[in-house]
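Novice: Take this structure first; my questions come after.
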Amino acid sequence: MLSYLTGRLFALLPVLAVVAVVVFMVVHVTPGDPARVMLGEDATEAQVATLRHDLGLDRPLPVQFVLWIGRALRGDLGESLFLHIPVSRDIALHLGPTATLSALGMTVALVIGIPVGIVSAVFRNSWLDQASLGLALLGAAVPSFWLGLSLIVLFAVDFGWLPSSGYQSPSNGLRQSLQYLVLPALALGVPNSSLIIRFTRSSLLDVLGNDYIRTARAKGLRGRAVIFRHALRNALVPILTVVGLTFAALMGGAVVTETVFSLPGIGQLVVSSVLRRDYPVIQGVTLTVATAYVIINLVVDLLYFAVDPRVRY
Amino acid sequence: MVQQAAAVRVPARVPGRPGIVSTLWKMVCRRRIIGIGVLILLVVAAAAVAAPLLAPTNPNTIDVPARLHAPEAAHPFGTDEYGRDILSRTLYGARLSLTVGLVVTLLSTTAGIVVGLIAGTNRGADKILMRIMDGVMAFPDILLAIALMASLGPSARNVVLALSFVYTPRVARVVRGSVLVIASLEYIDAAHAIGARRARILVRHILVNCASPVIVQATFITAYAMLGEAALSFLGVGIPPTIPTWGGIISGGQEYLRQAPWISIFPGAAIILSVLSLNLLGDGLRDFLDPRLRYS
């Protein structure tokens, strides 16, 4: 176990190195001078030169990279060109809504995906199965931002049940906070449930084909007990993989969904930074999110230990 | 007698290799969803090609007196805040969406095949190339695309470049995996043994047999790319809003959600229909081409 863990951690290093290079290059694929682009057409040549020097853009690329990555490893992601605060603080300020939204979106995706997947597998080839697969197909085709807007029209504009945009931290009262987060979580969770539906279905069908299921049925167990006590436990293991996969889609979706509901999260930060050409913030956000994603996937893999005693590395 | 002999010597078709049309037809008959997917896709493509004929007005014609009109005979999908016809804009948006989807698929598939072939046949290059692909895949798709758009600047060409970069690793992984499996098969040894050149084996024997998974993956990439383009344009970092795109129209309608929800609803329905048809096609092709992968 320990050797496996160290192996896995070491295997992360090249991936994270590539992540760092990609994030670093984001600024340097800009056609022309990044300093000029950041400051806009109106800036004087002297201002551009100063910024170029401040950001170290006048040094050779490899030197810039080493300096940048060195600081990033110490948690220094530079300073926002627009707000003049450390990027790490800017990210920390925006992390809360995104983390809450992602967690809620994941919950929605699982709450829809797993039961629907189970129903679909148990009543295989029935109209229920067809309907579930239809739902999964439709879910995968709906852009989360469009679903968000439709939910706003329906529940905020027509019915007036929920606020259409804004955010309240859960620490200021859970009820209040949830009011703002229900619609975004649905907009994010519903499209992402389709992969979970399909995986739950196929995984459960695989397990249901096993001999021990037939044995359980033969000894007279009720259908429900067979499904929940015997089949589902084993079927859930592969579903963990898809939870990891969904997380990436979810984080990307959160970026877009936040914009629809004006949630002050990472997504809004990165989009406004793109429009302001605030490169240090863009780099900081992409680096943070990619690193977080790599770590989440590692955690998901390690969870296999907890769920499946057969897994030994 | 003579006729018979001739028939034996010159068979109309090599047995066991049905023509492409009959294969396609068999595919559609066996997997109904392929037919449905292709049908919807053809309708969307026809709408895109015939946009100038079908559109009631020029998509950019401003008609302020007719602003924010609900769907009516003159404007079946209604009008936006400048009185522009949403049906016309949605039709022209189809041109852009489909083009972006197809070009991204073409570029990322080509790049992915090259990377996958090299990685699958060369151990040294494999380690380096696949680590790079893993690194690129460590970003959420849309976030990486946004970051790339930040430095490339908003334009249709740059959306294509950014999305192609994002999706290349998916193809590369599929190709590499297939190449590794196929290269270890006996008939490849046989090809080496009879003295076939390396390049010939690579293309004629290995690459051709990777086609099925690549085609399936390419279909899904077209769907992802269309969703990706819509998201980028919706966020205002994709194709400039002067050009009608589905994401851009939806974004413009966001402010008028209360008075004029139709601005956002129709282009959204167009996205759903296109992506749905591509997913149907992809699912059907996967079932048909590789029954082992079938999820049912």
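Since every read-out is calculated from the coordinates, none of them should be taken as a lab result. These figures come from a predicted structure and were not determined experimentally. Note: ideal-geometry Cβ built from the backbone for every residue, glycine included; neighbour counts use all protein chains shown.
Novice: For chain A, what does -39500 (n - 2.57) per DSSP helix run (n ≥ 4), summed and divided by total residues, give at 222 nm, in deg cm²/dmol to the nearest 500?
Specialist: Values: 12 runs with 227 residues, N = 313.
For chain A, the value works out to -25000 deg cm²/dmol.
Novice: I've got another one for you. Who wins for biggest fluctuation among A:LEU188, A:LEU204, A:LEU298 in a Gaussian network model of chain A, springs between alpha carbons below 10 Å?
Specialist: Judging by the Gaussian network model, the answer is A:LEU298.
Novice: Given the DSSP H assignment, sum -39500 (n - 2.57) over each helix run of at least 4 residues in chain B and divide by its residue total; what's the result at 222 nm in deg cm²/dmol, nearest 500? Don't jump to the answer; show the numbers that get you there.
Specialist: Values: 12 runs with 201 residues, N = 296.
It lands at -22500 deg cm²/dmol.
Novice: Amide H neighbours of B:GLU81 under 5 Å, at least 5 residues apart or on other chains, H built in the peptide plane: list them.
Specialist: B:LEU68
Novice: Using modelled amide H (1.01 Å from N, peptide plane; none on Pro or chain starts), what sits under 5 Å from the amide H of A:GLU79, excluding residues fewer than 5 places away?
Specialist: For A:GLU79, whose amide H was placed from the backbone, the distant partners under 5 Å are A:VAL87.
Novice: Further question on the same structure: Mind checking which of B:ALA193, A:PRO170, B:PHE266 is farthest towards the positive end of the protein assembly as shown's charge dipole, using Cβ charges of +1 (Lys, Arg) and -1 (Asp, Glu) about the Cα centre?
Specialist: The residue sitting most towards the positive pole is B:ALA193.
Novice: Now a separate question. Springs between alpha-carbon pairs under 10 angstrom, Gaussian network model over chain A: which of A:GLU45, A:GLU79, A:GLU258 fluctuates most?
Specialist: Among A:GLU45, A:GLU79, A:GLU258, the largest mean-square fluctuation in the Gaussian network model of chain A belongs to A:GLU45.
Novice: Considering the options A:VAL255, A:ILE296, A:VAL270, tell which one lies farthest towards the positive end of the dipole of the stretch A:222-301, charges being +1 on Lys and Arg and -1 on Asp and Glu at the Cβ, about the Cα centre.
Specialist: Looking along the dipole axis, the top candidate is A:ILE296.
Novice: Work through the residues other than A:VAL18 whose Cβ is under 9 Å from its Cβ and net out their charges, Lys, Arg +1 and Asp, Glu -1. Present the calculation step by step, with values, prior to reporting the outcome.
Specialist: Details: positive: B:ARG131; negative: B:ASP134.
Net of charged neighbours comes to 0.
Novice: Right, here's the next one. When chain B is modelled as a GNM with alpha-carbon springs shorter than 10 Å, which of B:LEU281, B:LEU53, B:LEU180 fluctuates the most?
Specialist: B:LEU53
Novice: Please state the charge dipole magnitude for chain A, taken about the Cα centre, from unit charges on C-beta atoms (+1 on K and R, -1 on D and E), reported in debye and rounded to the nearest 20. Numbers along the way, then the final one.
Specialist: Working: 22 positive and 17 negative charges, 362 e Å.
Once rounded to the nearest 20, the dipole reads 1740 debye.
Novice: Residue-wise, which Karplus ³J(HN,Hα) couplings in Hz belong to the stretch A:255-267, taking 6.51 cos²θ - 1.76 cosθ + 1.60, θ = phi - 60°, and x for glycine or proline?
Specialist: Once rounded to whole Hz, the list reads 4, 6, 4, 4, 4, 4, 9, 6, 7, x, x, 4, x.
Novice: Over what distance in Å are the Cα centres of the stretch B:35-63 and the stretch A:99-155 separated?
Specialist: 29
Novice: Kindly write out, for the stretch B:232-244 in residue order, the coupling ³J(HN,Hα) from the Karplus curve 6.51 cos²θ - 1.76 cosθ + 1.60 (θ = phi - 60°), rounded to whole Hz, with x marking Gly and Pro.
Specialist: 4, 5, 4, 6, x, 10, x, 7, x, x, 5, 8, x
Novice: Next question, about the same structure. Please compute the net charge surrounding B:ARG176, taking Lys and Arg as +1 and Asp and Glu as -1 over other residues with Cβ under 15 Å from its Cβ. Could the numbers behind the result be given before it?
Specialist: Numbers: positive: B:ARG123, B:LYS127, B:ARG131, B:ARG170, B:ARG173; negative: B:ASP126, B:ASP134.
That works out to +3.
Novice: Run the dipole for the stretch A:1-119 about the Cα centre, Lys and Arg Cβ at +1, Asp and Glu Cβ at -1, nothing else charged, and hand back the magnitude in debye, nearest 20.
Specialist: Values: 7 positive and 9 negative charges, 119 e Å.
Rounded to the nearest 20 debye, it is 580 debye.
Novice: Please name which of B:GLY35, B:THR90, B:ALA150 has its Cα lying farthest along the dipole of the stretch B:4-158 towards the positive end, using unit charges on Cβ (Lys, Arg +1; Asp, Glu -1) and the Cα centre as origin.
Specialist: Positive-most Cα among the choices belongs to B:GLY35.
Novice: If you don't mind, there's one more thing I want to ask. Determine, for B:ILE62, B:ILE194, A:ILE91, the number of other Cβ atoms within 10 Å of each Cβ, and report the residues in order from fewest to most.
Specialist: Fewest to most other Cβ atoms nearby, the residues stand as B:ILE194, B:ILE62, A:ILE91.
Novice: So, one more: Taking the Cβ of B:LYS127 as the centre, find all other residues whose Cβ is under 12 Å away and add up their charges (Lys, Arg: +1; Asp, Glu: -1). Before the final figure, lay out each step's value.
Specialist: Working: positive: B:ARG123, B:ARG131, B:ARG176; negative: B:ASP126, B:ASP134.
For residues surrounding B:LYS127, the net value is +1.
Novice: So for chain B, averaging the separation of alpha carbon pairs under 8 Å that are six or more residues apart and normalising by length, what relative contact order in percent results? The partial results should precede the final answer.
Specialist: Details: 420 pairs, mean separation 71.3, N = 296.
Relative CO of chain B lands at 24 percent.
Novice: How many Cβ atoms of partner chains, on average, are near each residue of A:6-16 if near means within 10 Å of its Cβ?
Specialist: Numbers: counts 0, 0, 0, 0, 0, 2, 2, 1, 7, 8, 3.
The mean count of partner-chain Cβ atoms within 10 Å per residue comes to 2.
Novice: How big is the dipole moment of chain B about its Cα centre under a simple scheme where the beta carbon of each Lys and Arg is +1, that of each Asp and Glu is -1, and everything else is neutral? Debye, nearest 20, please. Walk me through the numbers before you get to the answer.
Specialist: Working: 26 positive and 15 negative charges, 293 e Å.
My answer is approximately 1400 debye.
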